[in-house]
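Here the structure is laid out as structure tokens; the discussion comes afterwards.
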Amino acid sequence: NAGVTQTPKFRVLKTGQSMTLLCAQDMNHEYMYWYRQDPGMGLRLIHYSVGEGTTAKGEVPDGYNVSRLKKQNFLLGLESAAPSQTSVYFCASSRQGSSYNEQFFGPGTRLTVL
Amino acid sequence: DQQVKQNSPSLSVQEGRISILNCDYTNSMFDYFLWYKKYPAEGPTFLISISSIKDKNEDGRFTVFLNKSAKHLSLHIVPSQPGDSAVYFCAASGGGSQGNLIFGKGTKLSVKP
């Protein structure tokens, strides 16, 4: 099992460009999450999904959109990238969304917006 | 306002000694706490957790202690090894977070040989 994979690993964008980050999991998990990690800020939840076809906003959703068309995939889109979106993005998945909730993380995507 | 706080950005410990990483929280409704470990250029990996109905959970060299009255938890690593050098994140769930995890900012542990 590959667990949680993320594509691409690195990307440099110019302000105003768009891109999509892909997350895939092979553990048949219902819940999937997108986080961003900034220096000294820990991990902050952008959007999450409780199942195929559903999405919800997290703590810092502005400037991002997501889609969960297939259970195993969770896409994060930036329609018009801004320098403030320079960050490391982590995808995670979990079997369920109860309090007893171990999340499994991907290796991250390092995005730089110039 | 931060609900989960890790007030020490870094900690340096000698190999073989005990490492103690601390975490404070403000939401008394949190009912599950987790520690994640993160190496550079990798995603966080789950380390150990504790339910709010317990005050201690042990897994090999790692022990997590929970003091609900003080809203404080700590991770003890004994003995510390150089391979333990990483960033450690405390996380909490429950209390209206809909099962989502609320993370602290992390503590960077350096274990010196």
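Each 10 Å bin from zero holds the following percent of Cα-Cα pairs in the protein assembly as shown: 8, 33, 35, 20, 4, 0.
Quick check on chain A: what does the Kirkwood estimate of hydrodynamic radius come out to from the alpha carbon pairs, in Å?
Working: mean 1/r = 0.0717 Å⁻¹.
Hydrodynamic radius (Kirkwood, Cα pairs) of chain A is 13.9 Å.
In terms of its Cα atoms, the range B:46-113 spans 43, 22, 20 Å along the principal axes, sorted from long to short. In a reduced charge model with +1 at each Lys and Arg Cβ and -1 at each Asp and Glu Cβ, chain A shows a dipole moment near 240 debye about its Cα centre.
Quick one: which of A:Lys57/B:Lys5; B:Lys38/B:Lys112; B:Lys5/B:Lys112; A:Lys9/B:Lys38; A:Lys9/B:Lys108 span more than 20 angstrom between C-alpha atoms?
Values: A:Lys57/B:Lys5 23 Å; B:Lys38/B:Lys112 18 Å; B:Lys5/B:Lys112 25 Å; A:Lys9/B:Lys38 17 Å; A:Lys9/B:Lys108 23 Å.
Pairs exceeding 20 Å: A:Lys57/B:Lys5; B:Lys5/B:Lys112; A:Lys9/B:Lys108.
All C-alpha pair distances within the range A:40-98, sorted into 10 Å bins from zero, spread as 20, 55, 23, 2 percent across the bins. Counting only other chain Cβ atoms within 10 Å of each residue's Cβ, the peptide B:32-41 averages 2.
Extents of the range B:1-96, largest first, come to 37, 27, 20 Å (Cα atoms, principal axes, whole angstrom). For the pair B:Ser12 and B:Glu42, a Förster radius of 30 Å applied to the C-beta separation gives a FRET efficiency near 0.90, rounded to the nearest 0.05.
Taking the Cβ-Cβ separation of A:Met19 and B:Ser110 as r and a Förster radius of 25 Å, what is the calculated FRET efficiency to the nearest 0.05?
On the way: r = 35 Å, r/R0 = 1.40.
Efficiency, rounded to the nearest 0.05: 0.10.
Inter-chain Cβ neighbour count for B:100-107, averaged per residue, equals 6 (cutoff 10 Å, partner chain atoms only). Peptide B:44-51 shows a mean partner chain C-beta count of 3 within 10 Å per residue C-beta.
The charge dipole of chain B, taken about its Cα centre with unit charges on the Cβ of Lys, Arg, Asp and Glu (plus for the first two, minus for the last two), comes to roughly 180 debye.
Between B:Gly83, B:Gly94, B:Gly60, the residue with the greatest mean-square fluctuation in the GNM of chain B (Cα pairs under 10 Å linked by springs) is B:Gly60.
All of the numbers you see were taken from the coordinates with simple rules; none came from a lab. Quick caveat, the model's predicted, so the values are computed rather than measured. Heads up, the Cβs are rebuilt from the backbone with ideal geometry, glycines too, and the neighbour counts pull from every protein chain shown.
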